[in-house]
1. Can you compute the label reach from B:ASP4? Point 7 Å from Cα along the Cβ direction, backbone N cut-off under 14 Å, restricted to the stretch B:109-135.
2. Whose Cβ in chain A comes nearest the axis that rotates A onto B, and by how many Å?
3. For the stretch B:57-139, take N as its residue count and report Rg(C-alpha) divided by 2.2 N^0.38 Å.
4. Can you list the residues of the stretch A:97-139 with backbone N under 19 Å from a point 7 Å past the Cα of B:VAL36, pointing along Cα to Cβ?
5. Compute the normalised compactness of chain B: alpha-carbon radius of gyration over 2.2 N^0.38 Å, N being the residue count.
6. Subtracting the Cα-Cα distance from 0.36 nm times the residue separation, let me have the gained length for B:ALA20 to B:ASP104 in nm, one decimal.
7. Ordered shortest first, which distances in nm separate the 7 Å Cα→C-beta label point of A:GLY66 from those of the other copies?
8. Kirkwood Rh, Cα Rg: Rg to Rh for the protein assembly as shown?
Number of protein chains: 2
Amino acid sequence: MLADAGIVLTPSERAEIEVADFGLGQLEQIGLQLVVYVNTERVCAKELVLFPGQMCPEHRHPPFDGTPGKEETFRCRTGAVHLHVEGRGERMLRPGDQCTIPPDTLHWFQAGDEGAVVSEFSTQSRDELDVFTDPRIVR
Amino acid sequence: MLADAGIVLTPSERAEIEVADFGLGQLEQIGLQLVVYVNTERVCAKELVLFPGQMCPEHRHPPFDGTPGKEETFRCRTGAVHLHVEGRGERMLRPGDQCTIPPDTLHWFQAGDEGAVVSEFSTQSRDELDVFTDPRIVR
């Protein structure tokens, strides 16, 4: 799917693609595949790959180390992704569409029937701090 | 060149592609084309398009507003770009290669014979603060 989106990875990036099933063991329904390009104290950039219908469950990025928490911009590259953001409702992102999610704001998203490749531009990622609404989830 | 890289833009993004000739009037040799996806107080993401042999001249991003200055990661998507970073020497970035440039560090880059598309992931862009080595340059 990344190759179809015109995205070239190095061999080591291909070997290190992160697969997150959020501890639920239902990867095809609830999960996410990630390529992390960079994650410094100030900036993070990733590609997110979602299988058809795959969902990333509701969560927020709380404040840490004196920062307001992670600010994320999602930009859809291929496919379509249904995005829900607390206080802003629902939106369908198609290629070229994007949305910026303020820190500490609940959100979830789900790919359409073709799956999706989504670029994420953000402040530092500290995934272990994410707060999920579903108490069964561990990141 | 963006379409060849598999990058989809909205009509308004296409209409707002920024062309920077740095006040030198030699765009084909010294210049840069930019699509700015997002530029908040915390995060910025752009695509840079360089014509064959086109160069972005030496500059640095100085501290401002209590920050250390803009931190940039360049990731080559198509073509090739020759990158020079003060204290780190020269590097040729090809598709999938990337380099993070610390704040306030002199750098310049030039596309190879095919041109290049380069993704830039960074902290906030304040282009008007950039310090160029060539005193004729205005941004």
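Here, each number is a calculation from the coordinates, and none is a lab measurement. These figures come from a predicted structure and were not determined experimentally. Positions of Cβ are generated from backbone atoms using ideal geometry, with glycine treated the same way; all protein chains shown enter the neighbour counts.
1. B:111-118
2. It is A:GLY6, 1, counting Cβ atoms only.
3. Details: Rg = 12.8 Å, N = 83, 2.2 N^0.38 = 11.8 Å.
It is 1.08.
4. Hits in the stretch A:97-139 for B:VAL36 at 19 Å: A:97-101, A:121-123.
5. Details: Rg = 14.1 Å, N = 139, 2.2 N^0.38 = 14.3 Å.
Here the answer is 0.98, to two decimals.
6. Working: separation 84, 0.36 × 84 = 30.24 nm, distance 2.06 nm.
Extra length available between B:ALA20 and B:ASP104 comes to 28.2 nm.
7. Copy-to-copy label distances at A:GLY66, shortest first: 0.9 nm.
8. Working: Rg = 19.0 Å, Rh = 19.5 Å.
Here Rg/Rh amounts to 0.97.
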